[in-house]
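The values are calculated or read from the model by the stated rules, or taken from the named source; none is laboratory data. Nothing here was measured: the structure is a model prediction, and the numbers come from that model. Neighbour counts run over all protein chains shown; Cβ positions are idealised from the backbone, glycine included.
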Amino acid sequence: MIIVGEKINTSRKSIREAVERQDADFIIKVAQEQAEAGANYIDVNAGTFVEQETERLCWLVETIQGALDLSLCLDSPDPNALSEAMKIHKGEPMINSISMETDRLGPLLPVVSSSPCQIIALCMGQAAMPTTVEDRVEVGSELINTLTSQGIPIENIHVDPLIQPISVDTNMGLAALGAIQKIMSGFPGVNTICGLSNISFGLPERHLINRNFLALAMSYGLSGAIMDPTDKRIMSTLLSTDMLLGRDEYCEKFIDGYQDGRVVG
Amino acid sequence: MSDFQALSEAVHKGDIKTAVAETQVAMDANANIQDILDNGLIATMDEVGDRFSKGIIFVPQMLRSAKTMQECMKLITPFFQKDGVTSKGKVLIGTVKGDLHDIGKNLVSMMMEGAGFTITDLGVDVPPEKFVQKVQEIEPDIVAMSALLSTTMPSMPLTIEALRSAGVRDKVKIMIGGAPVTDKYAQEIKADAYASDAGSAVSRAKTLMGIS
């Protein structure tokens, strides 16, 4: 599983305040904690700053990479913010995200195909949000074909099936799970990734729902998650599910996790 | 005033069959249509919205109650004109240009309708000129805009500017909402109100209309 640590997002009050007062130490600490807990990429999102988003996003990249040798997941719907952040990112970043929306696809395609990066391809169509499995597979396939035709290796593409709340439509869980399965089986080598919290919008005990959704999604083939790796319970779900799916030889990672206190019941 | 306890209970539960039957019972008993609407349906949906805002009930329950109310409305709406039923106000709602998110906007629409407002929903990806055109056409009391992306939030001030250029800005109250939107942003772009969820959207709308 590819884990993207989601905590450095300015929609969270503590992060927004740290970015406002340019508190590098605080940001570095949050990045470090997530990396130590198992994150492969550290997501950075400064969306709440609107006009200053690009500047703040670049500050986050420089601040974190100035102190730690980590790859970041550059998170913005704004092609300009993403391309500016990519320019200063050291090593191969993950881009979160590209979609079939014309305003996003056009400006981002040349950027993501000109330097090596991992790309999150969000199943958002041109005119509407997807509802069914078929909607998602259609947009996902279009994105994969568009990106690979630009010479981007399929292994660098991470399709996000776009998770919508189960509270509004109880078919939304299966719609995402079915899409993960079809995309993974239809495009060998491609990855799938998603955030976990949208699924539980509007419901109580959201962490419980998120954890169970992660386990289900993994069993349908999900290969990455945007989540909080410092949350021991969700990491325990991830480790135990990986083991149950036969991906943890001799149950080594699970037992190691238990022995050093990361796995909790 | 009639007693709508059974109707109210059915709307709370989201029991469409019972709620529709109770509405029919009230109508057969010659209850005033405005009375059924105000004291049966709207009063219940006010309680539903309040319970939702307080975290006592959750989105699926709120949706179910709203859907139940909509079914009851189908029975009484044909008599609105004859009985002189008045709306709490006209609301024009839409997700702004460049943005396709509709879940939050739909929740707000449903709860506003439940509170007795007349809703015109322009859908998603609504350009400023479409808001302007519809404002001129239906003369709403409130224009409600939703944006879920930092990149589409600037469509809100652009829409307000378009309404101003068309000379209709001061004829409507403007309210905004959506995950990245804040009260501070509403003040910056000179909107009249910000609402953080569907329940509070209703109370902000009532305040704007001078009813509460």
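In the set (1) modelled with pLDDT of 95 or more; (2) among the polar types (S, T, N, Q); (3) over 16 Å from A:Thr131 (Cβ atoms), A:Asn171 fails one condition alone, (3).
Screening A:Ile209 against (1) out of contact with any helix residue (DSSP H, G or I) (no Cβ under 7 Å at 6 or more places or on another chain); (2) within 14 Å of chain B (Cβ to nearest Cβ); (3) touching a residue at least 40 places away in the same chain (Cβ under 8 Å) leaves a single unmet condition, (1).
Of all the criteria given as (1) away from chain A (no Cβ under 14 Å); (2) within 27 Å of B:Gly177 (Cα to Cα); (3) aliphatic (A, V, I, L, M), the one not satisfied by B:Ala29 is (2). Is there a residue in region A:26-46 that is without any contact (Cβ under 8 Å) to a residue 24 or more places away in the chain and within 19 Å of the chain's Cα centre (by Cα)? Yes, region A:26-46 contains at least one residue that is without any contact (Cβ under 8 Å) to a residue 24 or more places away in the chain and within 19 Å of the chain's Cα centre (by Cα). Taking region A:15-53 as the range and being of a type in the set (Asp, Glu) and within 18 Å of A:Gly91 (Cα to Cα) as the test, only A:Asp43 passes. Just so you know, in region A:117-131 the residues that are among the hydrophobic types (A, V, I, L, M, F, W, C) and in contact (Cβ under 8 Å) with a residue 12 or more places away in the chain include one that is farthest from the other protein chains (Cβ to nearest Cβ), and it is A:Cys117.
When you go through (1) crowded, with 17+ Cβ neighbours inside 10 Å; (2) under 28 Å from B:Met175 (Cα atoms); (3) in contact with a Leu (Cβ under 7 Å, 6 or more places away or on another chain) one by one for B:Phe58, which number turns out not to apply? Among (1) crowded, with 17+ Cβ neighbours inside 10 Å; (2) under 28 Å from B:Met175 (Cα atoms); (3) in contact with a Leu (Cβ under 7 Å, 6 or more places away or on another chain), the lone unmet condition for B:Phe58 is (1).
With respect to A:Arg104, determine if the residue is within 21 Å of A:Asp169 (Cβ to Cβ) and under 19 Å from the mean Cα position of the chain (by Cα).
Taking the combined requirement at face value, the residue does not satisfy it.
In region B:76-93, is there at least one residue being closer than 30 Å to A:Asn45 by Cβ and not acidic (Asp, Glu)? Yes, some residue in region B:76-93 is closer than 30 Å to A:Asn45 by Cβ and not acidic (Asp, Glu).
For region A:29-51, filtered to residues that are among the charged types (D, E, K, R) and touching a Gly at 6+ places or on another chain (Cβ under 9 Å), the residue that is surrounded by the most Cβ atoms within 10 Å (Cβ to Cβ) is A:Asp43. Scanning region A:239-254 finds no residues that are of a type in the set (Ser, Thr, Tyr) and under 21 Å from A:Ile8 (Cβ atoms).
Yes/no per residue for (1) outside the structural domain of B:Gly94 (by TED's automatic domain parsing); (2) within 18 Å of B:Val96 (Cβ to Cβ); (3) in contact (Cβ under 8 Å) with a residue 24 or more places away in the chain:
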| position | (1), (2), (3) |
| --- | --- |
| B:Val132 | no, yes, yes |
| B:Ile138 | no, no, yes |
| B:Ala166 | no, yes, yes |
| B:Val181 | no, yes, yes |
| B:Ser196 | no, yes, no |
| B:Ser200 | no, no, yes |
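Quick one: in region A:92-116, of everything that is within 14 Å of chain B (Cβ to nearest Cβ) and of a type in the set (Gly, Ala, Ser), which residue is surrounded by the fewest Cβ atoms within 10 Å (Cβ to Cβ)?
Taking the candidates together, the pick is A:Gly106.
Of the helices (runs of 4 or more DSSP H) contained entirely in region A:1-91, those carrying at least 3 residues that are within 14 Å of chain B (Cβ to nearest Cβ) fall at A:13-20, A:53-67, A:79-88. Being in contact with a Leu (Cβ under 9 Å, 6 or more places away or on another chain), more than 14 Å from every other protein chain (Cβ to nearest Cβ), of a type in the set (Ser, Thr, Tyr) and at negative phi: is that true of B:Thr44 here? It is true that B:Thr44 is in contact with a Leu (Cβ under 9 Å, 6 or more places away or on another chain), more than 14 Å from every other protein chain (Cβ to nearest Cβ), of a type in the set (Ser, Thr, Tyr) and at negative phi. When A:Ala85, A:Ala81, A:Ala121 are screened for being buried (at least 22 other Cβ atoms within 10 Å of the Cβ) and farther than 21 Å from A:Ile2 by Cβ, only A:Ala81 passes.
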